[in-house]
Amino acid sequence: MFEPIKAIAQFPNPDAPTTYKEVVLIVIDILSVLLPVLIGLGLFLFIWGIVKFLTAQGSEESVSIGKKRMFWGVIILFVMVSFWGIVQLLFSDFFSGPFLIPLLPE
């Protein structure tokens with residue numbers, strides 16, 4: 001019943017991180033993929049709020065919803081870009097790496 005677990009214990013994963021630097025690099029790799037996606041979602045929310053605001057046609061409820069979406073879109077953009085900057089600053093301080101712009105993987 002537990003044979004697969006014994007096999008994994010006998011042959012550890014050679015790709016598993018062994019140092020603190022490798023763990024941090026894995027986390028930064030994950031963040032470099034997630035941050036552009038979250039920034040894109042914030043931008044989408046902001047543009048959706050603009051469209052909702054402009055197409056309100058005098059409805060106060062639609063204007064209010066549009067303003068809220070624009071507000072939260074700007075907040076999300078600010079937080080994500082600030083977080084990206086802080087991560088890159090810490091990475092360059094601790095690991096003497098370049099200041100990278102996150103790109104989607106090819």
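Points to keep in mind about this one:
- In this simple spin-label model, placing a label point 7 Å from the Cα along the Cα-to-Cβ direction at both Asp93 and Ser62 gives a separation of 4.8 nm.
- From the C-alpha gyration tensor of the stretch 18-62, square roots of 5λ in Å: 41, 7, 4
- Available extension along the chain between Asp29 and Leu54 is 5.2 nm, counting 0.36 nm per residue and deducting the alpha carbon span.
- Placing dummy labels 7 Å off each Cα toward the beta-carbon, the span from Phe71 to Phe83 is 2.1 nm.
- Rg(Cα)/(2.2 N^0.38 Å) for the stretch 21-95, N = residue count: 1.48
- Electrostatic dipole magnitude of the stretch 21-95 [Cβ: Lys, Arg +1; Asp, Glu -1; Cα centre; debye, to 20]: 240 debye
None of the figures in this text is laboratory data; all of them are computed from the coordinates on show. Keep in mind that what you see is a predicted model, and the values were worked out from it rather than measured. Glycine also receives a Cβ, built like all others from the backbone with ideal geometry; neighbour counts cover every protein chain displayed.
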